[in-house]
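Shown next, in structure tokens, is the structure this report addresses.
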Amino acid sequence: MKNYQVFLVLICALFFNVNNSYASRIKKGNKALIVYDYFKAKKHFSKGVKYNPSPASFGLATIYSRNDNPFFNLDSAYRYILLSDSTWILAKERKKEKWKTYGWTKSGIDSLRQIISSQLFLNAKKKNTVVRYTTFIERNPWANEYQQAVHSRDSLAFFEAVAKNDANSYKNFVESYPESEYAELAKQNYHNSQFQELTGDGTLKSYQKFVESYPDSPQRTEADSVIFKMVTAPNTFEAYQDFVLNNSQNTFIKRGWEEFYQIYLFDYSKARMLSFKKNYPQALNLDEIESDIALFNKQFLPFIKNGFYGLMDENGAVIIEEKYQFIGSFDKGLAQFIVNDQIGLLNKRGEVQIPTTYDAVSEITFGRLIVEKNDYFGLIDRKGKTLLECKYMDIGDLSEGAIYLSTDTEYNYVDYNGNQLIVNDYYNASDFNNTLAIVETEEGVGVINKDVTYIIQGYYDNLKWLNDSLLSFKDGNKYGVISLNQDTLVPAKFDFIGEFYNGLSLVSINDTVSYLNTSGELATAFFETYPNFKSKGEFVNGYAIVAKDDMYGRINASGDVVTDIKYENLGAGSKFIPFEKEEFWGVLSLTNKVLVSPQYDALDIVNDRFAITKLEDSMGVINMDGMVLIPNSYKSVEHIVDNSFSIFDGENYGLFVDATLVIPLSYKRISVLNERFVSLMGELSIEYYDLEKKQLVKLQEESE
């Protein structure tokens, strides 16, 4: 037993001496470190790691972190400072107190760890790669340079993705760095690249497939926009119907319905509106259609207040407030208005359907409007879509689905949507007439069809339609007649050839006139020319005015004289004939009965019911029985509509209706607005006379 006790004493003494020996290594290592004896310091610290890992590792980390010794190695410094930090909690307090003089404290460990991390950051910065920054970030979350490293890494990674610029690169970036400051931009670029890659061929099918595959993509709206534009590009009924019926989920479906409806109204009528509503009950713009139907027959009357134009109803109540330089009456559901000297169009709800872009706008024909801007012409539809830019010197009438247009140097033809129909360049061109058009080239004038085939070769000096199958041509100063087969029916011998009326064409030669039939034969005897014979001598309503020995009469289509050639002058008329005798004018019936004896200095028949008469410098109105409806007391008289006439006394205008002065001479101008309303323009206001209700209409505020 005694021997056993001795053995324990010896073991404890040995352990104390060993432990004290390792503890002395920390002291010796630090003393060596103080005098920069790195070899001895490293030797002592390395042997002390086993029993005093935290202070020994701190010493080794210090050695490895310094670049003034051969042991400089930041990876080793990093490894030992982490070991020192992780074992700090295991060290006894008496040792912490004992060795704090060497800087081994928790704050000392943290400080050295930061120094090592800063050095590692500088190394990463020199390499400047995503991998090196990523390694630093993962291993040094405590570093002061952590955020800077994250920014640098993310910047490099993002611009690497930008360099590749494909969807997969952006996707990988977002997945790898979801918290990055570039994440949102990368997402946007991802969606953009994905969109471009999947729709790069530009086909409708690719855009449709994109929407089907990625319905929630931020590029969905852009894809839908392209689909909408591509499907509706022909700007036809069929194209818009295809879009609205087959693209119900498209972002632009409501706009599609709205534009389809406007295409449908190329033939503007209430019946068309009702038809659209009936045929397309699923339309998304039914409120708009219901509104148009309700407003179709509503009267809109322009008014002026405080120098600006608005619109009121037939009772004078304001419908659209005054804020325009001008508002006109409605034409096919749209009214021109002016703001800042530019013209646009309003619908009846007061909405701007076509913005104020143009200097002039034509009436609506087949849902199209010719517009002018800076002295050049273009074409738009009633939706406001530009079909032809304003860059043409002239644009023809819309006829038979084709329009001619001209630049400074040439003419060409397009369809109603601005698509080129004929690619030949002409010196001059005309509207199509029964699928044919007269054109001029360098060689001369000819006739083409819509297939650009010459029906009449273009070597004539001049061609003019006489009817659907015959044309006049010019040779020198004389005119002849040819057929579409280019057969010469009449050689060029006449001074003038007019269009065919009732199967006869007026011709003149050597101060005489006669008439040709469609076979090119003279159908009547020759008569004398007279002033205005080219218009008055045509066979209108089956009769023509002729002259002989400076006296006038009428003939029928057979050449028979039906009104004796004994009058000093005759006027044209379909039911009544003005005639002059002994320098005064009266009225004949078609059977040559004198209805109004010759007693006026001048007489002009209007509306086949009235005659505006003149006596000396005064004008009036009579009916065909000679009854005076308006006495010859006015400076001028103008027919307005039906049985209404404006009168002018030299300063102001008034209005007669049914031979009664209903509006006194107090207005500056009177004109017809439509069949029901007569516009009465004052100095700073507009009022109206309602022909149906026979009453004056004023803006309500003015009448109160």
query: Which residue, of Ser646, Ser597, is touching a strand residue (DSSP E or B) at 6+ places or on another chain (Cβ under 7 Å), modelled with pLDDT of 95 or more, in a strand (DSSP E or B) and under 27 Å from Met681 (Cα atoms)?
result: Ser646
- prompt: Which of the residues spanning region 71-85 are in contact (Cβ under 8 Å) with a residue 24 or more places away in the chain, within 17 Å of Trp104 (Cβ to Cβ) and not acidic (Asp, Glu)?
  reply: Ala77, Ile81, Leu82, Leu83, Ser84
- prompt: So which residues in region 562-575 are of a type outside the set (D, E, K, R) and either crowded, with 20+ Cβ neighbours inside 10 Å or part of a loop (DSSP other than H, G, I, E, B) (or both)?
  reply: Thr563, Tyr567, Leu570, Gly571, Ala572, Gly573, Ser574
- prompt: In region 417-427, which residues are in contact with a strand residue (DSSP E or B) (Cβ under 6 Å, 6 or more places away or on another chain) and at pLDDT 85 or above?
  reply: Asn417, Gly418, Gln420, Tyr426, Tyr427
message: Can you report the number of residues in region 270-326 which are closer than 24 Å to Thr356 by Cβ, of a type in the set (D, E, K, R) and part of a helix (DSSP H, G or I)?
response: 2
- prompt: Given Lys391, Lys383, which one is charged (D, E, K, R) and within 22 Å of Tyr240 (Cα to Cα)?
  reply: Lys383
query: What residue, of Lys474, Lys534, Lys464, is basic (Lys, Arg), more than 19 Å from Leu436 (Cβ to Cβ) and surrounded by fewer than 19 Cβ atoms within 10 Å (Cβ to Cβ)?
result: Lys534
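Can you tell me how many residues within region 503-522 are buried (at least 17 other Cβ atoms within 10 Å of the Cβ) and either in contact (Cβ under 8 Å) with a residue 40 or more places away in the chain or small (Gly, Ala, Ser) (or both)? Let's see the steps before the verdict.
In the first step, residues of region 503-522 are kept if they are buried (at least 17 other Cβ atoms within 10 Å of the Cβ); the result is 504-508, 513-516, 518, 520.
If we keep only those that are either in contact (Cβ under 8 Å) with a residue 40 or more places away in the chain or small (Gly, Ala, Ser) (or both) as well, we get 504-505, 508, 514-515, 518, 520.
Of the residues in that region, 7 qualify.
Condition check ((1) in contact with an Asp or Glu (Cβ under 8 Å, 6 or more places away or on another chain); (2) assigned to a strand (DSSP E or B); (3) closer than 19 Å to Glu440 by Cα) across all residues:
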site: Phe377; (1), (2), (3): yes, yes, no
site: Ile380; (1), (2), (3): no, yes, no
site: Ile403; (1), (2), (3): yes, yes, yes
site: Asp408; (1), (2), (3): no, no, yes
- request: Out of the residues in region 327-371 that are in a loop (DSSP other than H, G, I, E, B) and small (Gly, Ala, Ser), state the one that is nearest to the chain's Cα centre (by Cα).
  value: Gly367
message: I'm trying to understand the selection: among the residues of region 649-674, which are assigned to a loop (DSSP other than H, G, I, E, B) and either out of contact with any strand residue (DSSP E or B) (no Cβ under 6 Å at 6 or more places or on another chain) or more than 29 Å from Gly586 (Cβ to Cβ) (or both)?
response: Gly650, Glu651, Asn652, Asp658, Lys668, Leu673, Asn674
task: Answer yes or no: is there a residue in region 99-111 that is farther than 28 Å from Asn140 by Cβ, part of a helix (DSSP H, G or I), in contact with a helix residue (DSSP H, G or I) (Cβ under 6 Å, 6 or more places away or on another chain) and at pLDDT 95 or above.
output: no
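Residues are listed down the side, and each one gets a yes or a no for (1) in contact (Cβ under 8 Å) with a residue 24 or more places away in the chain; (2) not in a loop (DSSP other than H, G, I, E, B):
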| position | (1), (2) |
| --- | --- |
| Asn168 | no, yes |
| Pro178 | no, no |
| Glu181 | yes, no |
| Glu184 | no, yes |
| Gln194 | yes, yes |
| Leu198 | no, yes |
| Gly202 | no, no |
- request: Quick one: Lys95 ticks every box in (1) without any contact (Cβ under 8 Å) to a residue 60 or more places away in the chain; (2) surrounded by fewer than 22 Cβ atoms within 10 Å (Cβ to Cβ); (3) over 24 Å from Arg139 (Cβ atoms) except a single one, so which number is it?
  value: (1)
query: Would region 523-539 turn up any residue that is of a type in the set (D, E, K, R) and more than 30 Å from Gly480 (Cα to Cα)?
result: no
message: If the requirement is being of a type in the set (Phe, Trp, Tyr) and within 38 Å of the chain's Cα centre (by Cα), which of these qualifies: Phe677, Phe656?
response: Phe677
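Considering Ser644, Ser633, Ser618, which residue is within 18 Å of Ala602 (Cα to Cα), of a type in the set (Ser, Thr, Tyr) and surrounded by 15 or more Cβ atoms within 10 Å (Cβ to Cβ)? Explain how you work it out, then say what you get.
Details: Ser644 fails: within 18 Å of Ala602 (Cα to Cα); Ser633 fails: surrounded by 15 or more Cβ atoms within 10 Å (Cβ to Cβ).
Exactly one residue qualifies, and that residue is Ser618.
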- request: Pairs only if they're at least six apart or on different chains, beta carbon under 8 angstrom, first in region 637-651 and at negative phi, second among the polar types (S, T, N, Q) and part of a strand (DSSP E or B); list them, first residue then second.
  value: Val637/Ser646; Glu638/Ser646; Ile640/Ser646; Ile640/Ser671; Ser646/Ser671; Ile647/Ser636; Phe648/Ser636
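Looking at this structure, is Val174 without any contact (Cβ under 8 Å) to a residue 60 or more places away in the chain, within 30 Å of Pro218 (Cβ to Cβ), touching a Lys or Arg at 6+ places or on another chain (Cβ under 7 Å) and part of a helix (DSSP H, G or I)?
Details: without any contact (Cβ under 8 Å) to a residue 60 or more places away in the chain: yes; within 30 Å of Pro218 (Cβ to Cβ): yes; touching a Lys or Arg at 6+ places or on another chain (Cβ under 7 Å): yes; part of a helix (DSSP H, G or I): yes.
In short, yes.
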field: Count of residues meeting criterion [surrounded by 15 or more Cβ atoms within 10 Å (Cβ to Cβ) and either outside the structural domain of Ser57 (by TED's automatic domain parsing) or out of contact with any Pro (no Cβ under 8 Å at 6 or more places or on another chain) (or both)] in region 80-92
entry: 5
query: Using beta carbons and a limit of 8 Å, which pairs, at least six apart or on different chains, have the first residue in region 208-221 and part of a helix (DSSP H, G or I) and the second one surrounded by 14 or more Cβ atoms within 10 Å (Cβ to Cβ) and of a type in the set (Lys, Arg)?
result: Val211/Arg220
message: When you check Asp242 against the structure, is it outside any helix (DSSP H, G or I) and either of a type outside the set (Gly, Ala, Ser) or modelled with pLDDT of 95 or more (or both), yes or no?
response: no
- request: Could you please find all residues in region 261-287 being farther than 17 Å from Tyr240 by Cα and surrounded by 19 or more Cβ atoms within 10 Å (Cβ to Cβ)?
  value: Tyr268
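The values are calculated or read from the model by the stated rules, or taken from the named source; none is laboratory data. It should be emphasised that the depicted structure is a prediction, and the values quoted were computed from it without experimental measurement. No Cβ is skipped: glycine too gets one built from the backbone with ideal geometry, and neighbour counts run over all protein chains shown.
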